[in-house]
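Down below is the structure, laid out as structure tokens.
The values are calculated or read from the model by the stated rules, or taken from the named source; none is laboratory data. This is a predicted model, so every value here is computed, not measured. Cβ atoms come from the backbone with ideal geometry, glycine included; neighbour counts cover every protein chain shown. Side chains are part of the model used for accessible areas, which takes the heavy atoms of the whole protein and leaves out ligands, DNA and RNA. Shrake-Rupley method; radii C 1.70, N 1.55, O 1.52, S 1.80 Å.
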Amino acid sequence: MNTRIRLSIGILVAVAALSGFIGCSSEPVIDVGDTSIAIDDVIEHYKYQDRKPEIYTLSDAESYLESYAVKTLLEIAAREAGYYEDPMVVNSYESIRRRLLIGAYQADLFSDITVTEEELETWVEKNQGTGLWAGFIQCASLEEAQAAYERLEAGEDFGEVARDAYYLKGVSDIYLAQRGGLVDIPVDWRPVPRNEKLYALEDGEYSEPFFYDLYNEWVYYIVHRVGEADPEEIPEQDPERLKQLLAGEVLTLRRNEMLEAHLEELRGDAKIDVNQDLLDELDRQLSAFYQMAVAEELIAPREDLLSLEGEDLAGIANIPGGPDSRGKQIAQTAQKRRQMLDQTLSAFFDEHKNDPLVTVNGESVALRHCSQHLLLWMAADDTRMLRPDSRAEVLQRFVDKSVDDELLLQQAVAAGFEDQPRMAARLQRRLNEAAVTQYFNQEFMENRSRPTEEEVQQFYQDNVDRFVMDERLSYQLFLTKDRELAEEVHAVVTDPDNYSADVEPVTSVAEVEERLASGEPMHRIIPNLLRVYIAELSEDVSTATSNAIIERPEADDFTRPGFEHDTGWTSPVIEGTRDGETYYGILHVIDVSDPVNRTLENDPTLYDFIVAQILMGSQEEEFQAFLDELKQRYPVSVDLEQAADLLDSVMELSTQPMEE
């Protein structure tokens, strides 16, 4: 029987995730060493798989059985080599177990929460025609929000306070702070706290600070009602689309409220201890890093952020900016800071990973199981956990979320979620996956022979075009034979009035025409609006969904000018030829890359990169040899005659609801 299967790392992980129930209740379909597996066990396993492979034909069923045999081979080898007791495997599995059980418990808790069609109809009717001009002050902590509120109470202008106090975590926040917190599109009524609080105010009034955490924003708001918008200023909304939006918001709100009420009850009955020494040490590390970051100018001054406009502002959003773009420089500095902070925190978490952060009802929770509650702020805004005026609140939330997770986990275990058949199968698969992955890394990857110096040099010579390149242009190009059309498109995409940070983007030329007629903005940035035209009206649609890249020697009449300009440049209408025909083009420069001349002598990272490429190229063949060696120790046989039974059962299962 031929059971040779070519596997890459990705396929290995998928195979490792196939965790079955080993036993023999009928004639074995798979034998691996002394272990026999019945077709019933394979079917039972398939029944509880989260992501089921497609089994539509007898060939599919045969492939599944062969993969199941390899999966079993790797699990047996990993188990006998002690990897199921490996500390890294145990800890990795425990993190997964916690996440799955907490998720299942919450799903059950929320199972009865609904939004009725009647409610949606009522809300949509109430929403229609509503619109308020408003201002917002968003703060990262209650302390900052209270300070802003006191300034307002002392008679300071709302716009000035917003500019000084608005929490800047992204481009849209900078844009709003520059406008003194004033929105540029009227705010409609919705049954969520922020909108309801705004609509409860009288014109000219502002609210007290209130906490807002609908989608994990975790901010404090002060809202200011300026006045009602004129009917013609209020954008029309599609009722069905609005229903979907409101349903999502209200479901999330109701789940959050139910979860918080449940947790409040659990906290009231719980005995909770916090490792304050560990928390204080983390606070000292963050404080020291903050002082260093300020001293080395790794945190952009607020006024620098508020001074950004146009493409400088685009650079902050990781949209390519020109080489001298202040926004791009700030974004690069922020990325450097985040990497340094990540290294600092990683070292701290690695040193203290087994130390308990909290103890809940006598159960200690190691720091390793809590770190995600802090690290989630890295991507959104790492300065929030650094600044003294918000750091204390971040650390308190870190502790609270860690306690809440343990409370929910204890409830899930007490309710028997771990013993439910589908959950038990999922947990077993995750344990198998963790053990097999560690086994694969240690027994196969670590023992592979590295390529020789001659092999590395030969790979470089064979692939030199990947490492030595001329100057390159990344661009978008609209191309037409109609000069008048080109001029019309150019006028639209270069008109600054057609752009806004908070606009609902157009997706078709027909929508562009509608917005032109109404005078409304259409998009956030030029390249995205240009793509709309490229997709529908350009003779060359190659840049409709992604940018094109060309080297200088290959450039033509339409792309050559881009090499003489910076990122973000939009050309005037260019007249040129392609294939002997006259066209008119609009070029938008995404990026201009300098020439590249990477050699093994001048680039210290290139050697390791080439070694990795060579190892990847030979991995499948070497892994097959690794499997063949395992099969010498644990002979494998697969009875493919029983594949028909598997196929029949899969077809029957497809018509049945999933059992819990």
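Condition check ((1) more than 30 Å from F459 (Cα to Cα); (2) more than 35 Å from the chain's Cα centre (by Cα); (3) open to solvent by less than 60 Å² (accessible area, probe 1.4 Å); (4) modelled with pLDDT of 95 or more) across all residues:
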residue	(1), (2), (3), (4)
D557	yes, yes, yes, yes
R560	yes, yes, no, yes
H588	yes, no, yes, yes
V596	no, no, yes, no
D603	no, no, yes, no
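Of the residues contained in region 493-516, one or more are found to be within 29 Å of R552 (Cα to Cα), of a type in the set (A, V, I, L, M) and touching a residue at least 40 places away in the same chain (Cβ under 8 Å). Being β-branched (V, I, T), in a strand (DSSP E or B) and farther than 30 Å from P186 by Cβ: is that true of I534 here? Here the answer is no, as I534 does not meet what is asked.
Checked across region 471-491, the condition of being under 25 Å from E551 (Cβ atoms) and either open to solvent by 60 Å² or more (accessible area, probe 1.4 Å) or among the small types (G, A, S) (or both) holds for at least one residue.
Among residues of region 605-641 being in contact (Cβ under 8 Å) with a residue 24 or more places away in the chain and in a loop (DSSP other than H, G, I, E, B), the one that is most open to solvent (accessible area, probe 1.4 Å) is P635. Does at least one position in region 642-654 carry a residue that is free of Cβ contacts under 8 Å to residues at least 24 places away in the same chain and open to solvent by less than 80 Å² (accessible area, probe 1.4 Å)? Checked against the condition, which is being free of Cβ contacts under 8 Å to residues at least 24 places away in the same chain and open to solvent by less than 80 Å² (accessible area, probe 1.4 Å), region 642-654 yields at least one hit. Out of curiosity, is S172 in contact with an Asp or Glu (Cβ under 9 Å, 6 or more places away or on another chain) and farther than 17 Å from G131 by Cα? Here the answer is yes, as S172 does meet what is asked.
Taking residues in region 273-289 that are farther than 15 Å from D400 by Cα, and partners anywhere that are at pLDDT below 95 and polar (S, T, N, Q), the pairs with Cβ atoms closer than 6 Å and at least 6 places apart or on different chains are F289/T344. Screening the candidates A295, A300, A270 for the property of being under 31 Å from the mean Cα position of the chain (by Cα) and more than 28 Å from Y206 (Cα to Cα) yields one hit, A300. The set of residues in region 47-76 that are of a type in the set (F, W, Y), buried (at least 16 other Cβ atoms within 10 Å of the Cβ) and farther than 16 Å from L640 by Cβ contains only Y48.
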